[in-house]
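Here the structure is laid out as structure tokens; the discussion comes afterwards.
The values are calculated or read from the model by the stated rules, or taken from the named source; none is laboratory data. This structure is a prediction, so every number in the text was calculated from the model and none was measured. Cβ: placed from backbone, ideal geometry, glycine included. Neighbour counts: every protein chain shown. Note: accessible area is taken over every heavy atom of the protein model, side chains too, but ligands, DNA and RNA are not part of it. Shrake-Rupley method; radii C 1.70, N 1.55, O 1.52, S 1.80 Å.
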Amino acid sequence: MDKQEFTHVSVLLHESIEALAIRPDGVYVDGTLGRAGHSLEIARRLKTGRLICIDRDEAAIEAAKERLAPYLDKVTLVHDNFSAVDEILKHLNIPGADGMLFDLGVSSPQLDDAARGFSYMHDAPLDMRMDRQAALTAHTVVNTWPAEELRRILFEYGEERYAGAIAKAIVRARESGPIDTTLQLVEIIRTALPAAARREKQHPAKRSFQAIRIAVNDELGALPPMLRGAVRCLNPGGRLCVITFHSLEDRIVKKTMQELARGCTCPPDFPVCVCGNKPKLRLVTRKPVTPGAEELQDNPRARSAKLRVAERTEFEWKED
């Protein structure tokens, strides 16, 4: 086990485990295995139950074989995208799960492994793929996407105020030759910003790197099918727990949970319900759970984390 195994800290660990309300004989899904911090705590609580661990990063699957070694008789490791959670459970002949957890943050080992290209602090090839078998890389995005598309993702996914200037600077720079490394890109971003923005506390490339990473891995596009698929596969009373790290993710999770928790959608002036829509979820947390002061002191990366929890209702799922 390498040093990163010991330094990785699972965010909102106690809160999410408590929210899952784990039964020793239940079936649970950790849809974002990462370095198995949450999975380890779930597995420890199982006797005759089963835990399905999903991750698109093969390095996470390999590391989990060691970290979860004492519990592998109860654990199934799956290399796949969590957006296919319903198909994964169908393939495993699992009719329903009693709880699912999705931690949407990039795991610390991914950020800390300079070779993966996620970090703006270390020089590395422009990659940023969570699944190294995927075709699209950050190199392709940065070197081939048109200026307008670059501006769009920087603005929408990174909430970058200077998205237009950065996109133009990238396109201008690549005319002289390909942008191959992270620090090359950092310098282009830095020089595109006005002096005042370069002096801000936050690293000048942080928002842009976030935006490109989200685009490379289609992180936002995968969320709605994952959420709806997860709810379809939950047993009545089963819990769905989702940890987000930025407002774009949280907005999608909040909106989707609210939609699935809504009953009748008929116009208010209808005397009786004709839509027949019943709530598929009950919202357990009206406001998201956030890290306490002690966790923030131990793990500053947790500062933007939000946990939302919902529970599957008794009503049968019918597609809208």
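For region 205-305, the spherically averaged projection of the C-alpha convex hull amounts to 9.3 nm². Out of Pro271, Pro291, Pro70, any idea which swings most in a Gaussian network model of the chain, alpha carbons joined below 10 Å? Its mean-square fluctuation being the largest, the pick is Pro271.
Here's the picture: charge each Lys and Arg Cβ at +1 and each Asp and Glu Cβ at -1 in region 214-257, and of Gly238, Ile214, Thr256 the one pushed furthest to the positive end of that dipole is Gly238.
For region 117-162, the calculated P(r), taken from all Cα-Cα distances in 10 Å bins from zero up to the bin holding the longest distance, is 25, 48, 27, 0 percent. Each of Asp123 and Glu148 was given a label point 7 Å from its Cα along the Cα-to-Cβ line. The distance between the two points is 3.6 nm.
For region 102-192, with all protein chains in place and a probe radius of 1.4 Å, 53% of the accessible heavy-atom surface sits on carbon or sulfur. From the coordinates of this entry, Cα extents along the principal axes in Å is computed, and it appears in (i) 60, 59, 40; (ii) 53, 41, 38; (iii) 65, 42, 35 under the label (i).
Net charge of the neighbourhood of Glu314, taken over other residues with C-beta under 12 Å away and scored Lys/Arg +1, Asp/Glu -1, is +2. For Lys65, a cut-off of 18 angstrom between C-alpha atoms picks up these aspartates and glutamates, skipping any fewer than 8 places away in its own chain: Asp2, Glu5, Asp30, Glu41, Asp55, Asp57, Asp73, Asp80, Asp131.
Highest mobility in the GNM of the chain, judged by mean-square fluctuation with C-alpha springs under 10 Å and restricted to Asn93, Asn81, Asn143, is found for Asn93. Stretching Arg23 away from Gln133 to a fully extended chain increases their span by 36.0 nm, per 0.36 nm per residue minus the current alpha-carbon distance. Taken over region 128-224, the convex hull of the Cα atoms encloses 101 Å³ per residue.
Rounded to the nearest 500, what is the chain's calculated 222 nm mean residue ellipticity when only DSSP H runs of at least 4 contribute -39500 (n - 2.57) each, over all residues? Rounded to the nearest 500, the figure is -11500 deg cm²/dmol.
Start at zero, step by 10 Å, and the Cα-Cα distances of region 56-136 spread as 15, 40, 32, 11, 1 percent across the bins.
Summarising the amide proton neighbourhood of Tyr28: residues at separation of 5 or more, or on other chains, whose placed amide H is nearer than 5 Å comprise Arg50, Leu51, Ile52, Asp98. Taking amide H atoms as placed 1.01 Å from N in the peptide plane, the amide H of Gly238 lies under 5 Å from those of Arg312, each 5 or more residues away in sequence or on another chain.
The alpha carbon centroids of region 9-54 and region 168-193 are separated by 42 Å. Given a cut-off of 22 Å, name the pairs among Lys254/Lys280; Lys90/Lys254; Lys168/Lys206; Lys206/Lys255 whose C-alpha atoms lie farther apart than that in the structure shown. Correct reply: Lys90/Lys254; Lys206/Lys255.
Across region 76-197, the volume of the C-alpha convex hull divided among the residues equals 145 Å³ per residue. Size descriptors for region 4-83 (Cα atoms only): Rg and Dmax, in that order, 11.6, 32 Å. How many nm separate the modelled label positions at Glu259 and Phe315, each set 7 Å beyond the Cα in the direction of the Cβ? With each label placed 7 Å out from Cα toward Cβ, I get 1.5 nm.
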